[in-house]
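Reading through the structure tokens given below for one structure.
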Amino acid sequence: MPVSEAQKRATAKFEKERYDKVLTRFPKGTKERILATGAESLNSFIISAVNEKIEREGKESCRK
């Protein structure tokens, strides 16, 4: 069943209000290396890595 335009707008509004979007670029092959670690997803791996670095540096951690 196709998603309605109203649902697309509602989803976009929800995401805009609750998330920061950040574009990252990695060298070819990085995606496969990350997934080979057993990571659930690229996104979860990157969020975890960023939060670990923030905590290591003693700064306020990002919300998960």
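Tabulated values for the structure
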quantity: Computed helical MRE - 222 nm, the chain, DSSP H runs ≥ 4 contributing -39500 (n - 2.57), nearest 500; calculated: -17500 deg cm²/dmol
quantity: Carbon plus sulfur fraction of accessible area for the chain, probe 1.4 Å, in percent; calculated: 54
quantity: Kirkwood hydrodynamic radius over Cα pairs of the chain, then Stokes diffusion coefficient at 37 °C and 0.692 mPa s, in µm²/s; calculated: 227
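The values are calculated or read from the model by the stated rules, or taken from the named source; none is laboratory data. Here the structure is a predicted model, which is why all the values come from computation and not from measurement. With ligands, DNA and RNA removed, areas are computed over all heavy atoms of the protein, side chains included. Shrake-Rupley method; radii C 1.70, N 1.55, O 1.52, S 1.80 Å.
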